[in-house]
Amino acid sequence: MNRTILATALGAAAAVALSGCTRPAQYVDPKGGRVMVTLDQINIQDWSMAAESAITDLLGAGVLDKVPTPPAVMVVSRVVNSTSQQIDSDLLTKKIRVALNKSGKALTMTTRGPGGSAEDELAKEIAQEWKDLGLTQPAQRPPDFSLSGKIIETYTRAGNYRQAAYTFQLSLTDNRGIAVWEGEKEVVKQGRRPSVGF
């Protein structure tokens, strides 16, 4: 009897101890200090830092203000993934596009992309219908710029510590084929294992 009570008490104590170790899922500020940081992958805060750096630099350069008919029209070209990860570069380019759109400096053409692809196939069909009818929309003009880039990773180890460096490179090329703006942001992380905080 005493053994049964003791086993039950120990089991209850273990359950309480284990439940105290687990944390329930919760929302965190993506720009705050409690987001997960890992060395072996690009985290949400890495994308944000790279995008914010590009946005500030690009808007400050003034190249978007030099188009004959503002706002500038831009297409997104390839962002080459030279990392060992499977990533979606829209996590970078979409943040840039949203900021440029809100600034009133540039609009993104979604009916053109690398290799004849289109982000919005339906919009491409509608534009073709207008063209077939001989109608012209004011916004239908060749793009002024294309945005392209590359993402590179570099790993370094010293004893038990590891360092991961992610380099985000971007180029804005005008309709003459000249890169009129180039930006680069390096995000470097060090540690032994995944942690909270940056």
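The rows are residues; the columns are (1) within 17 Å of Leu147 (Cα to Cα); (2) assigned to a helix (DSSP H, G or I).
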| position | (1), (2) |
| --- | --- |
| Gln26 | no, no |
| Pro30 | no, no |
| Trp47 | yes, yes |
| Asp65 | yes, yes |
| Ser77 | yes, no |
| Ser84 | no, no |
| Asp88 | yes, no |
| Lys95 | yes, yes |
| Ala99 | yes, yes |
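Got a number for residues in segment 134-184 being more than 18 Å from Ala106 (Cβ to Cβ) and aliphatic (A, V, I, L, M)?
Number satisfying all stated conditions: 6.
What pairs come up if the first residue lies in segment 154-175 and is of a type in the set (A, V, I, L, M), the second is not in a strand (DSSP E or B), and their beta carbons are under 7 Å apart, counting only those six or more places apart or on different chains?
Within 7 Å, the pairs are Ala164/Leu39; Ala164/Asp40; Leu170/Ala54; Leu172/Leu58; Leu172/Val63.
Condition check ((1) more than 28 Å from Gly62 (Cα to Cα); (2) within 20 Å of the chain's Cα centre (by Cα)) across all residues:
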{"residue": "Leu91", "(1), (2)": "no, yes"}
{"residue": "Gly104", "(1), (2)": "no, no"}
{"residue": "Leu135", "(1), (2)": "yes, no"}
{"residue": "Asp144", "(1), (2)": "no, no"}
{"residue": "Gly149", "(1), (2)": "no, yes"}
{"residue": "Ile152", "(1), (2)": "no, yes"}
{"residue": "Ser171", "(1), (2)": "no, yes"}
{"residue": "Glu184", "(1), (2)": "no, yes"}
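When segment 118-163 is examined, which residues are found to be surrounded by fewer than 11 Cβ atoms within 10 Å (Cβ to Cβ) and either assigned to a loop (DSSP other than H, G, I, E, B) or in contact with a Ser or Thr (Cβ under 7 Å, 6 or more places away or on another chain) (or both)?
Correct list: Leu133, Gly134, Leu135, Thr136, Gln137, Pro138, Ala139, Pro142, Gly159, Asn160.
Starting from segment 48-63, keep only residues that are in contact (Cβ under 8 Å) with a residue 24 or more places away in the chain, then list their pairs with residues that are among the aromatic types (Phe, Trp, Tyr) whose Cβ atoms are within a distance under 7 Å, requiring at least 6 positions of separation or different chains.
If the second residue must be among the aromatic types (Phe, Trp, Tyr), the pairs left are Ala50/Phe168; Leu58/Trp181; Ala61/Trp181; Val63/Trp181.
Values in this text are rule-based calculations from the coordinates and carry no lab data. Computed from a predicted model, the values in this text were never measured in an experiment. Ideal geometry is used to build each Cβ from the backbone, glycine not excepted, and the neighbour counts take in all protein chains shown.
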